[in-house]
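Peer 1: The structure follows.
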Amino acid sequence: MNSPTTAKGHPVPAVWLSSAVVACADDALSWVAHAARDLLAGVDYASIVTIRRGQIFGTATSTDPVALKADLLQSELEAAPVLAIAGGEPLAECAELAGCARWPEYGAQAAQLGLRSQTTLQLYRAGGTVGALNLYSKRAGQLDPHVLDRARLFAHQAATTLEMSRLTSDLARAVSSCSEIGQAVGMLMASRGDTSDEAFDRLIAMSQAQNVKLREVARSLVETANGSAAADQSGAIAS
């Protein structure tokens, strides 16, 4: 498979590809949330929250301001449906928020937003929980079992999209690190007359001696060289 190129035949930078995929992922998540709101009976608002290592990272998308407010409220409290999902539960439900026994503080404040009930589903991938799909309603009661089954399909799509976005971002960072290491190797070859293997071994030795990751050593060398080049250029212009 050939790597994507620009109109002039140059390779497309990995960071561009990452940005494009993330933008597509944002659109896909928005579609999932709006489709869930519009197609699931009993759902008035929906949102998707990202979760990493058991911590809430924020709302990826929401269909309405009230859903965003409810998401923020959950992140600020010590007990709420989204926090139960972050803790590993596959499903968190409250049929009457105003009198919710499990999350009384959240339920009371959510009711002030005009919400009567809530169903939150885990977004799960092989590595664990990646997010939560919040389904809010202005009516009391749990979702019909058939509706809940359909909601799980939306949750699966959202989980897949979040995972794709995360993997793409990780790949872009890895490619960026490799690029910096390659630049540092080239600089050592040019300045010291090393072969590529000798330059790479020298980088490894510096990394071990300083107890710093290889990519950090490479980045430092590149930044130092770029700074020196800029200073030399400024001096030449001034003279």
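Peer 1: Two decimals is fine: what's Rg over Rh for the stretch 14-170, C-alpha atoms, Kirkwood radius as Rh? Walk me through the numbers on the way to the answer.
Peer 2: Values: Rg = 14.8 Å, Rh = 15.3 Å.
My calculation puts Rg/Rh at 0.96.
Peer 1: Something else: What nm distance separates the two modelled labels at Arg125 and Ala190, each placed 7 Å from Cα along Cα→Cβ?
Peer 2: 3.8
Peer 1: Mind checking the full-extension length gain between Ser30 and Phe57? Use 0.36 nm per residue of separation minus the Cα-Cα distance, one decimal, nm.
Peer 2: Working: separation 27, 0.36 × 27 = 9.72 nm, distance 1.69 nm.
Gain in length upon complete extension: 8.0 nm.
Peer 1: Working out 0.36 nm times the residue gap between Leu91 and Asp144, then minus their Cα-Cα distance, what length gain in nm do you get to one decimal?
Peer 2: Numbers: separation 53, 0.36 × 53 = 19.08 nm, distance 1.41 nm.
Working it through step by step, the gained length comes to 17.7 nm.
Peer 1: Moving on. Quick one: dipole size for the stretch 14-170, taken about the Cα centre, charges +1 on Lys/Arg Cβ and -1 on Asp/Glu Cβ, in debye to the nearest 20.
Peer 2: My answer is approximately 100 debye.
Peer 1: Enumerate the amide H contacts of Leu123 below 5 Å, restricted to partners 5 or more residues apart or on another chain; note that Pro and chain-start residues carry no placed amide H.
Peer 2: Val130, Gly131, Ala132, Leu133
None of the figures in this text is laboratory data; all of them are computed from the coordinates on show. Quick caveat: nothing in here was measured; it's all calculated off a predicted structure. Ideal geometry is used to build each Cβ from the backbone, glycine not excepted, and the neighbour counts take in all protein chains shown.
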